[in-house]
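Below is a structure I'd like to ask you about.
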Amino acid sequence: VTADALPTWQINGVVWSQAVVGDTVYVAGSFTRARPPGVAAGGAGEVVANNAFAYSLSTGNRVASFAPSLNAQAMVVRASPDGSRVYYGGDFTSVNGIARGHVAAFSTA
C-alpha cells in the first residue's frame, strides 16, 4: 500500500470495463464522480461522471464531450469493429433521462 499520488483520473467507485478507440479510453463502472490527478475528493476539477467516463490515452485529459449520465452501473463497454461506436451494457435503465433497456450505443465522433 502506498500514499503516492496517481497520475490518472480517479473515480469514487469501481471501474468494471474499459475500451480503447484510437486515443480515447471509454470507461464503464459504478461511480458518480471523477477527479483529475492529485486532486482530493470534492476538490477543484472534480466532475459528475455517472457510471461512464472517457479520457485521452496520450494526455490523460478527460474527454469533456463524452459525458452520458447512466442511472445505474455499467458493467461492460465494447467498441464496434470499425471504432465508430461504443456500446455500454449494465444495470441502467435510462441514459440522460431517456429510457434504455440495459444497453446504449454512443458515437465516438
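Determine the relative contact order of the chain: mean sequence separation of Cα pairs under 8 Å and six or more apart, normalised by residue count, in whole percent.
21
If you count only protein heavy atoms with a 1.4 Å probe, what accessible area per residue comes out for region 5-69, rounded to a whole Å²?
The answer is 51 Å² per residue.
Can you tell me the length gained on complete extension of the stretch residue 20 to residue 57, counting 0.36 nm per residue apart and subtracting the Cα distance?
12.5 nm
Convex hull over the alpha-carbon atoms of the chain: what's its volume per residue in Å³?
104
How high is the FRET efficiency from residue 8 to residue 94, r the C-beta distance, R0 35 Å, rounded to 0.05?
Calculated value: 0.75.
The values are calculated or read from the model by the stated rules, or taken from the named source; none is laboratory data. For clarity, every value in this text was computed on a predicted model and none was experimentally measured. All Cβ positions, even for glycine, are placed from backbone atoms using ideal geometry, and neighbour counts span all protein chains on display. What goes into the accessible areas is simple: the full protein's heavy atoms, side chains included, and nothing from ligands, DNA or RNA. Shrake-Rupley method; radii C 1.70, N 1.55, O 1.52, S 1.80 Å.
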